[in-house]
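The values are calculated or read from the model by the stated rules, or taken from the named source; none is laboratory data. These figures come from a predicted structure and were not determined experimentally. Don't worry about glycine lacking a Cβ; one is built from the backbone with ideal geometry, like all the others, and counts go over all protein chains shown. Side chains are part of the model used for accessible areas, which takes the heavy atoms of the whole protein and leaves out ligands, DNA and RNA. Shrake-Rupley method; radii C 1.70, N 1.55, O 1.52, S 1.80 Å.
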Amino acid sequence: MSNLKKWKILESNMVLNHRWCQVRQDTIELPNGKIIDDYFVSIKPEIAIILPITINKEIVFVRQYRHAVADFFIELPAGHFDPTQESAETAAIRELQEETGYLAQQVKEVATFYDKPSKDTNRIHLFLAENVIKVGDQNLDITEEIEVILIPVESVFEKITQGEISVSGTIASLFLGLQLIN
């Protein structure tokens, strides 16, 4: 039995409440009695991510620009969703089709995990889709410019170790999902 204790929130204020960014400032009391008055928490939406694999055992990735670090990244198709409006599975299938033009006819829920629970509130919901097929064109949001890249399953881990695939959610999803493929 663990003796670890939760932190106690003494006060909580929303310091930034914008449609795209919400930040809460908490005053907390640690289990040792110390008070911290400036603990900032980022309120983020749930994320659905999908590991789509073609009949030829190629993974459908997206390559896109990420402004915060001013660079391009290879990632699995993903996006945020509101769980009061749609399920994580529906969101994963929708994001795959919008971002790549590929259709997942069947998906398998793999895991739900956190990316950065020290500061962020959201969960990541991972789904595996095998035998995805190209059914149309991309249907991108105004802020999206996405290149679709197919990478053979057997090349993925090398691309991770070489730094070509470097986003934590994508890497975790690959390690979790690839062990389940047929």
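Give me the lysines in straight-line cross-link reach of K5: C-alpha distance below 29 Å, same-chain residues under 8 apart excluded.
Answer for K5, where 29 Å is the Cα cut-off: K34, K44, K116, K119, listed by chain and number.
Run the helix sum for the chain: -39,500 (n - 2.57) per DSSP H stretch of 4+ residues, divided by residue count, reported at 222 nm to the nearest 500 deg cm²/dmol.
Values: 3 runs with 29 residues, N = 182.
Rounded to the nearest 500, it is -4500 deg cm²/dmol.
Please pull out the direction-averaged projected area of the range 47-182, using the convex hull of its alpha-carbon atoms, in nm² to one decimal place. Please list the in-between numbers first.
Details: hull surface 33.3 nm².
So the Cα hull casts an average projection of 8.3 nm².
On average, how much accessible surface per residue is there in the range 12-52, in Å², for a 1.4 Å probe, leaving out ligands, DNA and RNA? Could the numbers behind the result be given before it?
Details: 2450 Å² over 41 residues.
On a per-residue basis, the range 12-52 sits at 60 Å².
Can you give the accessible area per residue of the range 122-182, in Å², using a 1.4 Å probe? Write out the running numbers ahead of the final one.
Working: 3480 Å² over 61 residues.
With the other protein chains kept in place, the range 122-182 gives 57 Å² per residue.
Using only Cα atoms and rounding to the nearest 10 degrees, what angle (0 to 90) does helix 88-100 make with the longest principal axis of the chain?
In the chain, helix 88-100 runs at an angle near 50 degrees to the longest axis.
Helix 168-177 versus the longest principal axis of the chain: what angle, 0 to 90°, nearest 10, using Cα atoms?
That works out to roughly 60 degrees.
What number in nm² do you get for the range 1-64 if you take the convex hull of its Cα atoms and divide its surface by four?
Details: hull surface 35.3 nm².
Convex hull of Cα atoms, orientation-averaged projection: 8.8 nm².
Pick from H80, H125, H67: which residue has the top mean-square fluctuation in a GNM of the chain where Cα pairs under 10 Å get a spring?
Highest fluctuation of the listed residues: H67.
Rank I53, F72, L174 by how far each Cα sits towards the positive end of the charge dipole of the chain (+1 on Lys, Arg Cβ; -1 on Asp, Glu Cβ) and give me just the farthest.
Of I53, F72, L174, it is L174.
Could you grab the relative contact order for the chain? Cα pairs under 8 Å, six or more apart, rounded to a whole percent.
Working: 360 pairs, mean separation 39.8, N = 182.
About 22 percent, as a whole number.
State the percentage of accessible surface on the range 26-175 attributable to carbon and sulfur atoms; use a 1.4 Å probe and exclude ligands, DNA and RNA. Intermediate values should be presented prior to the final figure.
Details: 4070 of 8090 Å².
Of the solvent-accessible surface of the range 26-175, carbon and sulfur hold 50 percent.
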